[in-house]
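Contents: one structure, followed by commentary.
Just so it is clear, none of the values below were taken in a lab; they were calculated from the coordinates. All values reported here derive from a predicted model rather than from experimental measurement. As a convention, Cβ positions derive from the backbone with ideal geometry for all residues, glycine included, and neighbour counts pool all protein chains shown.
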Amino acid sequence: MHFRFLLIILLVNCQLLFSQNITGSWYGNISLQGTEIPLVFHIKQTGDSLSSVMDSPSQGAENIPVAHTFFEQNELSLQLPQIMANYKGKLLGDSIDGIFTQGGLKFLLVLKQAENKSSHKRPQEPKPPYNYHAEEVIIQNHTDSVTLAGTLTTPRNKKNFPVVILISGSGTTNRDGEMMGHKPFLVIADNFARKGIGVLRLDDRGAGNSTLGRNWQSITSENFAGDISEAVNFLHNKGFQNIGLAGHSEGGIIAPMVVAKNKHVKFMILMAAPAADMLEVLKTQNARIAAASGLSDSLVQNAIAMNTLLNHTILYGGNSREARDKYFEALRQKLNFSMPDQEKSFLKDEIEKMGGSAWYRYFIAYKPKARLEQITIPVLAINGSKDMQVDAQQNLPVIEAALKKAGNKNFKVIELPGLNHLFQTAGTGLHTEYSTIEETFSPAALDIMSSWILSLPKRK
């Protein structure tokens, strides 16, 4: 799920000065529970002022605003209100020695202008020779004027084999599902094709060779479901009969939407799919990440309160800013949560920004359980025990109960020990580990999915 949901919002203030010998890109690492997290600050001079942004490459975050950049007498101070962080350091020769503070935690951070070029191994990424076919495909969604580009991998010398369409989660990714230096959809496609399972993977709208389509500002998960439904029709028209869906995270919300509208789908895999009401999923996500990051109990409670204020005001606050501000204050008082005026102002601005997204409003209002209660085709639901973004204990029981209510006679619900949201074997499960773990996708999870698919009866 998108990086935005992992941030805790706070407001701080500082002053702004400038100096000539501090500009450029500065690289360093902080250490969190044994994991090295690279940070990059890009500092530039405009006239007599300094400005900067921060990148967190391992978290897939770029251009995080630095609200105030202050440098005087070789001392640097940076303030980052959107991630409740600041950095204070002293320029000593060719490095800046300082402390990075976030959420009450302090980390030693030494910055240098020479980037650490070390890269992580990705042993699961496929290498030739390939014993399967790979075909570039183009699919049209005429309803939204979208052109989707992708790759169809199919096993050689086999007939009537199953084909799976991979559905990505929140955020825009290419057909390989590329994020945090990993290509999980490429790894899945290679693994499945070698076992006799076809895979169709697509560039998301606006990624790779896929287009955005019309009215892209107003699209929601339902529009993405339309894209996948057209992909199902594409495979059906090519003569495939055993067509399935495998949706990860938000993709696990989209898959049941497609099943409800397209009878050509014969089976479905839910990978870390939300099933509880989305407001509760996001609340739990926020709390677990804050706690696992080492925040104090009081700061964890602050994070939960901010999450509640943000999402409930967007969803229930009304159609005008005046109404939303009034709702915000009433809810804040009900939560007994005090905030400085600057922090209130910033959070209210975030509400206006995020509330302006049709996708986000739809997403937080969505109740996945209702769709799952209509699914009668075979279903496999898997979730890692260390998933900090979609909690297994919160969501897997809801999936099981919903499928039972649907009268579904062929489903499996499995919690996989030690795996994170990306189905990597993890330490803490935090998103900060994703890029540092060499494993792209657990071989055990791959085996569970492929074995389950191949166990299903074939349709002729």
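What to note about this one:
- Annotation: amide H of Ala381 within the under-5 Å range of Leu270, Lys412, Val413, Ile414, sequence separation 5 or more or interchain, hydrogens built in the peptide plane.
- Percent antiparallel among DSSP beta bridges (both partners in the chain, rounded to 5): 75 percent
- Per-peptide packing, taken as the mean over residues of other Cβ atoms within 10 Å, places 170-177, 198-205 in the sequence 198-205, 170-177 from highest down.
- If you wrap the stretch 42-100 in the convex hull of its Cα atoms and look at it from every side, the mean projected area works out to 4.5 nm².
- For the stretch 213-257, the alpha carbon convex hull comes to 72 Å³ per residue, rounded to a whole number.
- Per-residue HN-Hα couplings for the stretch 397-404 [Karplus 6.51, -1.76, 1.60; θ = phi - 60°; Hz; x = Gly/Pro]: x, 5, 4, 4, 5, 5, 5, 5
- On Cα atoms only, tilt of 278-292 relative to the major axis of the chain in degrees: 50 degrees
- Checked against a 26 Å cut-off, the cross-linked pairs Lys158/Lys369; Lys263/Lys405; Lys158/Lys238; Lys195/Lys404 give Cα-Cα distances beyond that limit for Lys158/Lys369; Lys195/Lys404.
- Over the stretch 136-195: Kirkwood hydrodynamic radius from C-alpha pairwise inverse distances, Å: 13.2 Å
- Principal axis dimensions, largest first and in whole angstrom, of the stretch 304-460 by Cα: 60, 40, 27
- Across Lys44/Lys90; Lys183/Lys412; Lys88/Lys334; Lys334/Lys386, pairs whose alpha-carbon gap is larger than 28 Å: Lys88/Lys334; Lys334/Lys386
- Coordinate range along principal axes, alpha carbons of the stretch 38-159, Å, largest first: 72, 39, 31
- Interchain or long-range residues, amide H under 5 Å from Glu36's placed H: none
- Cα-based equivalent ellipsoid of the stretch 308-366: semi-axis lengths in Å, sorted from largest, via gyration tensor: 19, 12, 10
- Within straight-line reach of Lys353, meaning a Cα separation under 16 Å, sit the following lysines at least 8 residues removed in sequence or on another chain: Lys344.
- Given charges at beta-carbon only (K, R positive; D, E negative), |dipole| of the chain in Debye: 1980 debye
- Rg(Cα) / (2.2 N^0.38 Å) computed for the stretch 240-342, rounded to two decimals: 1.48
- Over the chain, dividing the summed -39,500 (n - 2.57) contributions of all DSSP H runs of at least 4 residues by the number of residues returns a 222 nm mean residue ellipticity of -10000 deg cm²/dmol.
- Farthest positive-ward along the stretch 350-447 dipole, Cα basis, beta-carbon charges - from Ser385, Tyr434, Tyr362: Tyr362
- Scalar couplings 3J(HN,Hα) for the stretch 386-394, obtained by applying the Karplus form with A = 6.51, B = -1.76, C = 1.60 to θ = phi - 60°, are 9, 6, 8, 9, 10, 5, 4, 5, 7 Hz; x denotes Gly and Pro.
- Rounded to 10°, Cα long-axis angle of helix 221-237 versus longest principal axis of the chain: 30 degrees
- Phi-based couplings in Hz for the stretch 353-369 (Karplus 6.51, -1.76, 1.60; Gly and Pro marked x): 5, 6, x, x, 8, 4, 4, 5, 4, 5, 4, 6, 8, 6, 10, x, 4
- Label assignment, semi-axes √(5λ) of the Cα gyration tensor in Å derived from the structure, set (1) 65, 22, 18; (2) 60, 21, 20; (3) 40, 26, 20: (3)
- Using alpha-carbon coordinates, inclination of helix 251-261 to the longest axis of the chain, degrees: 40 degrees
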